[in-house]
Amino acid sequence: MEHIISVTVENKFGVLSRVAGLFSGRGFNIESLSVAPTLDPTMSMMTIVTSGDDRIIEQIVKQLNKLIDVIKVVDLNETEFVERETALIKVHTKAEDRAEALRITEIFRANIIDSTPSTYTIEVTGDIKKVEAMINLLQPLGIKELIRTGRVAIARESIRPALAQPKRVAKE
Amino acid sequence: MKLTGAEIFVECLKREGVKTLFALPGGVVLKIFDVLYQQKGLDVILTRHEQGAGHMAEGYAKATGRPGVALVTSGPGMSNVVTALVDAYMDSVPLVCFSGQVSTNMIGNDAFQEADNIGLSRPCTKYNFLVKDVNDLAVTIKEAFYIATTGRPGPVLVDIPKDVSMNKADFTYPGSVSIRGYNPTYEGNKWQIKQAAEAIAKAKKPILYIGGGVVFSGASEEVRELAEMCQIPVDMTLMALGAFPGEHPLSMGMMGMHGTYWANMAVHYSDLVIAVGSRFDDRVTGKVSEFCPHAKIIHIDIDPTSIKKNIHVDIPIVGDCKRVLRELIQVLKATVNGDQKDLRKPWWNQIHEWQRAHPLTYDQDSNGPIKPQHAIKRLYELTKDRAPIVSTDVGQHQMWSAQYFKLSSPRRWLTSGGLGTMGFGFPAAMGAQAAFPDKLVLCVAGDGSVQMNMQEMATAVVHKLPVKVIVINNRFHGMVRQWQDLFYEGRYSSSDLSTTPDFVKLAEAYGAVGLRAKKVSDLDTVIKEAIATDGPVIVDVPVYPYENCYPMIPAGGCNHEMILADSPELKKKMEANGKVTPEDKDTVLTA
Ligand SMILES: Cc1ncc(C[n+]2csc(CCOP(=O)(O)OP(=O)(O)O)c2C)c(N)n1
């Protein structure tokens, strides 16, 4: 089964290779991995999408925890979470397809971020189903290039009122 | 006052209580060696190969419980020590290895003798550091020792670029370290411990399955108390030998691929397995799906990743073996209150039956060639009063040593378990000898393995490390030959070592003493003579080459399905092959 694991790590040299080395050395899958610093600049957050049966996922979580540069590991599948991915899609657009491309962009509430007479570059953000649905619809027009960020995910805050007001920590 | 990186390095080692450093110099570490030359209090043992330095540090660590320390140069120095790091990682040996690196401004330029030391060592160390600034050196060394020796121990590498060893910084040694991502669990969960106690109290056929963790955690006393209090038989892994006295009535000896018949039968038919500091290695479990099919499993280990890695566990307890067992014993004392002899009686009757049915045996004809088991058994019997430290190489001789050396205390057994590194034995014995100059240190070696680090005899002679190396000389890669006889129809592909050198002359060439036991009646005298000799000795024991090591669980087989002896056909074939008299061997050897 697919699991999304959120890993807080030291933001320092070589940490990514330790995590990647753990996965390759032990034969665990990585479907996607994204990493960026957190509000605390000494830490980074990784979102790893992996798959395996319960025993393998348990090992992955334990092995990650064992890495000295790993500060915290959360298997998001154990809670409610929201996930997002962004894709940048460059499509060929023959004159007769340009309207169709615009329509699909609109339906998915995506953005055109670059345009030439023969291409559109479209930015789409959403859960994996949405991103993949859009890619499927654009495919017949001819996708020239595609780049995806890999998924990021965050646990949903529980809806008890006392906890419902997150501190305003980041600007929109 | 400002010190150079090299001076800081030496100061830090002294603060860590390091007495002995196993080392081999090179361009980028010359500054460090220069400071080492001018100081007192740190013994530098110059090895002849960096692999030797690594294994010596391992032997030192295994025998003392304190971290072993090695220092090597960049590039080839580093790549040569990698085998020892992998070995130490597999067997949880606390090691701090320092490697030289090209100057920080050259890193990544394919400079002379540059290697990616961090990349090379990442998969085989518990942690590794590249020190980019001399101001970080002291704190890094402190952290390296802390990580190597706490939690589940393991090797740590510190990579020191040349300029870092030359640059100056103010020196203060940190008193303590705290690493937010590293907090080993020492205390076991109380509720789980209670569950374990209840399971033990109820079990009719329990077995303790103890591993190397018992040695590292110093939990031998606790294992003994638990075993005696509840009358539980004790199976030991290869790594645990000595953690429970081999001659204790509750000792079952070694379990696993070449374990005793009764140790393996007992684990297979038990109703409760109490695994302590062991990790269900495939050489122990055999076929995982049929490992102790009737048993509940309690698993005590400091490393959470060891638990439920290969085998389903019913009662997992993460913690330090010693502390968890202490607590478990307290709970049991309050609940079991005393004698479980009656409850366990049928179980022990069964075990004694297994012991009678298939004891460890071999045939030694007093006029025939020396049997390897006999040589090892005599070595054990003639030395046991002196409580020797025993190291082994890898192969048949290692398994026979494990079967016949019934060690009475821990930290006297040095063997490469997880990695099975041929060439480990001799340097490891030297490392132990460096720590305990007055103890008797034996190395039971194979004629194949010993040649992998023979060069260290020069180190042993120069540094007066009087290790006694007993070469069980079967002129084969014996264990390989055994598998070829059992599974490859006797095709001896690359297992024949008949060009083995004359070990007596080889010892003499290094300025050591060489002795040879030519026949059975020589054995005792030669062993005694070796022990009475002051310096390092090689005892060459030409043995019957076609002896196979049993019991044996074929790889992937079940624990209760052991091969106990050569099949009649194989026996006939082995006898036909083996028509070599000791005298013949001698001419072959000296030809
Ligand atoms: C470095 C290394 N290379 C290869 C092996 C595979 N191997 C395992 S046992 C063995 C033969 C060992 O021969 P020897 O040292 O003579 O011991 P014996 O089995 O004859 O007692 C070999 C080649 C190994 N364990 N380690």
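Among the GluC sites (Glu not before Pro) within the range A:25-92, those in coil by DSSP and having at most 11 neighbouring Cβ atoms inside 10 Å are A:80. As a proxy for reagent exposure, ranking B:168, A:62 by other Cβ atoms within 10 Å from fewest up yields B:168, A:62. Computed from point charges on the beta carbon alone (+1 for Lys and Arg, -1 for Asp and Glu), the dipole magnitude for chain A about its Cα centre is near 360 Debye. Residues A:84, B:152, A:103 in ascending order of nearby Cβ atoms (within 10 Å, fewest first): A:103, A:84, B:152. Taking only the alpha carbons of the range B:2-170, we obtain Rg and Dmax values of 14.1, 41 Å in that order. Peptide packing for B:119-127, B:91-99 was compared via the average number of neighbouring C-beta atoms within 10 Å per residue; ordered from the highest value, the list is B:91-99, B:119-127.
Just from its helices, what would the mean residue ellipticity at 222 nm be for chain A, if runs of 4 or more DSSP H residues each count -39500 (n - 2.57) and the sum is divided by every residue, rounded to the nearest 500 deg cm²/dmol?
Per the formula, -8000 deg cm²/dmol.
For the residue pairs B:345/B:468; B:377/B:571; A:62/B:377; B:19/B:126; B:194/B:309, the alpha carbons lie more than 32 Å apart in B:345/B:468; A:62/B:377.
Averaging the Cα positions of each part gives two centres, and for the range B:70-109 and the range A:79-105 these lie 50 Å apart. In terms of overall dimensions, the range B:186-242 has a Cα radius of gyration and Dmax of 11.9, 31 angstrom. Computed across the range B:372-586, the Kirkwood radius stands at 17.6 Å (inverse of mean 1/r, all Cα pairs).
Applying 1/(1 + (r/R0)^6) with r as the Cβ-Cβ distance of residue B:176 and residue B:39 and R0 = 22 angstrom yields a FRET efficiency of 0.30. The long axis of helix A:54-66 is offset from the longest Cα principal axis of chain A by roughly 70 degrees. Taking only the C-alpha atoms of chain A, Rg followed by Dmax gives 19.0, 57 Å. Taking the fewest neighbouring Cβ atoms within 10 Å as the starting point, the ordered list for B:362, B:209 is B:362, B:209. Taking label points 7 Å from Cα along the Cα-to-Cβ direction, residue B:116 and residue B:353 give a separation of 6.0 nm. Peptide A:12-24 has a mean of 2 when you count, residue by residue, the C-beta atoms of other protein chains within 10 Å of its C-beta. Straight Cα distances below 16 angstrom link residue B:190 to the lysines B:322, B:333, with same-chain residues fewer than 8 positions distant left out.
In this structure the amide hydrogen of residue B:130, modeled in the peptide plane, comes within under 5 Å of the amide hydrogens of B:159, none closer than 5 places in sequence on its chain.
Here, the protein assembly as shown is characterised by an Rg to Rh ratio of 1.04, where Rg is the alpha-carbon radius of gyration and Rh the Kirkwood radius.
Given +1 at the Cβ of Lys and Arg, -1 at the Cβ of Asp and Glu and no other charges, the dipole of the range B:190-357 around its Cα centre is 280 debye to the nearest 20. The separation of the range A:29-66 from the range B:307-378, counted between C-alpha centres, amounts to 40 Å. Here's the picture: a label point sits 7 Å out from the Cα of residue B:577 along the beta-carbon direction, and within the range B:471-508 the residues with their amide nitrogen under 12 Å of it are B:475-497. Here r is the Cβ-Cβ distance between residue B:533 and residue B:565 and R0 is 41 Å; the resulting FRET efficiency, rounded to 0.05, is 0.65. If the segment from residue B:496 to residue B:229 were pulled out straight at 0.36 nm per residue, it would be longer than the present Cα-Cα gap by 91.1 nm. In summary, chain B shows an alpha-carbon radius of gyration equal to 0.99 times the 2.2 N^0.38 Å reference for compact globular proteins. Its Kirkwood hydrodynamic radius, worked out from the mean inverse distance over all distinct Cα pairs, puts the range B:227-289 at 11.9 Å. Determine the calculated [θ] at 222 nm for chain B from helices alone, applying -39500 (n - 2.57) to every DSSP H run no shorter than 4 residues and normalising by the residue count; nearest 500 deg cm²/dmol. The helix contribution divided over chain B gives -11500 deg cm²/dmol.
The mean number of partner chain beta-carbon atoms within 10 angstrom of a residue's beta-carbon across peptide A:56-67 is 4. Take the Cβ atoms of residue A:30 and residue B:334, set R0 to 56 Å, and the FRET efficiency comes out at 0.70.
We did not get these values from a lab; they are worked out from the coordinates using the rules stated. From a predicted model like this one, the values you see are computed outputs, not experimental measurements. With ideal geometry, Cβ positions are generated from the backbone for all residues, glycine too; neighbour counts draw on all protein chains shown.
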